[in-house]
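Below: the structure, in C-alpha cells.
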Ligand code: B4P
C-alpha cells in the first residue's frame, strides 16, 4: 500500500484535488472534514457537538478524528492505499496516525503540501461560501481564524514530516488541472 497526506491551509484545494487523485490512483480518500460534515448532516449527537466548534473555525478534539480515521482504515478493502485529506491537523494527530499505521505494518510515503498565498485562500473560500452555504466559509473573521489556527497548530506538522524526509511542496496556484498534473507527477513516483 502507498499512503499520502495531502496538506495545506484551508482553501488550498486539498478536497478538490483529493477526489480526482483518489479516482486516478485507486486510493481511499479519507477527509475528516467530510466525515464531520456528514455527522452534522445526519443530525447525530457527535455532529451536534462538533458543529459549533467547526462554525467558529476551531479544530475539533484530536480523539474524535483519530477514532473516525481508525475505523475507516480497518474497514477499507481493495484500495492501492490511503489519501489522508485534512488529517492530521495537529502534531498529536500525526503521532497517532504513525502509531495506527505502524500497528498495521503501513507508513506514510509522502506529504504533498499545497502552497497558496493568503489572499488567494480568502478569495476562494468567500467564493465557495456562495455555493456551499458552509457556515465556516461565510464569515471573513472565521476564515481568518481558520488560517491562524492552521499556522499555530497544523503548520508545525510540516517540520515534523520534513525531518522524516516526507515533505514535498507543490505550487497550489494555477488551474485545477495544472495542479492535478503536478500532484499526479509526484504520486507516480510511488505507485
Ligand atoms: P476541511 O473540510 O478539511 O476543509 P478546508 O481546509 O476548508 O478546505 P480544502 O483545503 O479541502 O479546500 P477545497 O479543496 O474545498 O475542514 C473544515 C473544518 O473541519 C476545519 O476547520 C475543522 O473545524 C474541522 N476539521 C476537519 N478535519 C479536522 C481534524 N483532523 N482535526 C480537527 N478538526 C478538523 O477548496 C476550497 C475552494 O477553492 C473550493 O471552492 C474550490 O472549488 C476552490 N479551488 C480549489 N482549487 C482551486 C484552484 N486551483 N483555483 C481556484 N479555486 C480553487
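Some notes on this structure:
- Highest-first arrangement of 14-22, 150-158, where packing means the average Cβ count within 10 Å: 14-22, 150-158
- In plain terms, the chain from residue 127 to residue 106 could stretch by 3.8 nm, reckoned as 0.36 nm per residue minus the Cα-Cα distance.
- Distance between the stretch 82-96 and the stretch 122-191 - C-alpha centres, whole angstrom: 14
- Only DSSP H runs of four or more residues enter the estimate; each adds -39500 (n - 2.57), and after division by the residues of the chain the mean residue ellipticity at 222 nm equals -17500 deg cm²/dmol.
- Full-extension gain in nm, residue 19 to residue 190, via 0.36 nm per residue minus C-alpha separation: 59.7 nm
- The stretch 65-145: relative contact order as a whole-number percent, Cα under 8 Å and 6+ apart: 16
- Pairwise FRET efficiency - residue 75 versus residue 177, Cβ, R0 = 35 Å, nearest 0.05: 0.60
- A compact globular protein would have a Cα radius of gyration near 2.2 N^0.38 Å; the ratio found for the chain is 0.98.
- Across the chain, C-alpha contacts under 8 Å between residues 6 or more apart give a mean separation that, scaled by the residue count, equals a relative contact order of 34 percent.
- FRET efficiency estimate (nearest 0.05) - Cβ-Cβ, residue 153 to residue 49, R0 25 angstrom: 0.80
- Burial ranking of peptide ranges 82-93, 24-35 (average Cβ count within 10 Å, highest at the top): 82-93, 24-35
FYI, it's all coordinate maths here, none of it is from the lab. Remember, predicted model here, so these are calculated numbers, not experimental data. Backbone-built Cβ (ideal geometry, glycine too); neighbour counts: all protein chains shown.
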